[in-house]
Amino acid sequence: MRLTVLFIILTLGIQGAWAAGDTANSGTKVVETGQPFNSYLKKLKSAIRANKMGIVAEACATCGARAIGVTIPGNRVVMIFNPYFAVRMLKASQAAGIEAPLRLYITENSDKTARLTYRTASSVFGVYKVPALDKMAKELDKIIAKIVTQAGN
């Protein structure tokens, strides 16, 4: 219970920081979708599957808040990856395994539209300075860009 409350408080604080345009990583991308939160989330999941990425897990701060009687704006982290990339990643660097799955963070703006925030695979894996990871990350960057484009239509 305490962990859920802490997660909600941290999530709300992070949303406020991003609203001000502050990002913690130069590889962080923020997309104002202009679409309603729930509609965009459905399109995003569909685009993830269409691009042969798996939804490994989902964290729903909105759901956790609801469970304790608190209402907060839509808030979801969708974690994605693909086993073929996982095998390549681990072959190149076992230490990089902590970076998977990649996370797509969807938040609901005050006008009920969705904002997507994510870090490029290149920025996530680039810190390892391993050429095989860099190559894989560039491929993932293209896939994620397609996912974002398809979900935006």
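With respect to Val124, is the statement that it is in a loop (DSSP other than H, G, I, E, B) and modelled with pLDDT of 95 or more true? Judged against the criteria, Val124 is not a match.
Restricting to region 120-132, and then to whatever is among the hydrophobic types (A, V, I, L, M, F, W, C) and under 25 Å from Ala59 (Cβ atoms), can you tell me which residue is surrounded by the most Cβ atoms within 10 Å (Cβ to Cβ)?
Taking region 120-132 and keeping what is among the hydrophobic types (A, V, I, L, M, F, W, C), we get 121, 124-125, 127, 130, 132.
Next cut, under 25 Å from Ala59 (Cβ atoms) only: 121, 124-125, 127.
On the way: Ala121: 26, Val124: 21, Phe125: 28, Val127: 12.
Among those residues, the one meeting the criterion is Phe125.
Tyr84 falls short of the stated requirement of being within 22 Å of Thr33 (Cβ to Cβ) and either at pLDDT below 95 or of a type in the set (Phe, Trp, Tyr) (or both). Scanning region 82-105 for residues that are surrounded by fewer than 19 Cβ atoms within 10 Å (Cβ to Cβ), outside any strand (DSSP E or B) and charged (D, E, K, R) returns Arg88, Lys91. Within the option set Thr117, Thr23, being within 16 Å of the chain's Cα centre (by Cα), surrounded by fewer than 19 Cβ atoms within 10 Å (Cβ to Cβ), of a type in the set (Val, Ile, Thr) and modelled with pLDDT under 95 holds for one residue only, Thr23.
The values are calculated or read from the model by the stated rules, or taken from the named source; none is laboratory data. Please read these numbers as outputs of a predicted model, since none were measured by experiment. Neighbour counts run over all protein chains shown; Cβ positions are idealised from the backbone, glycine included.
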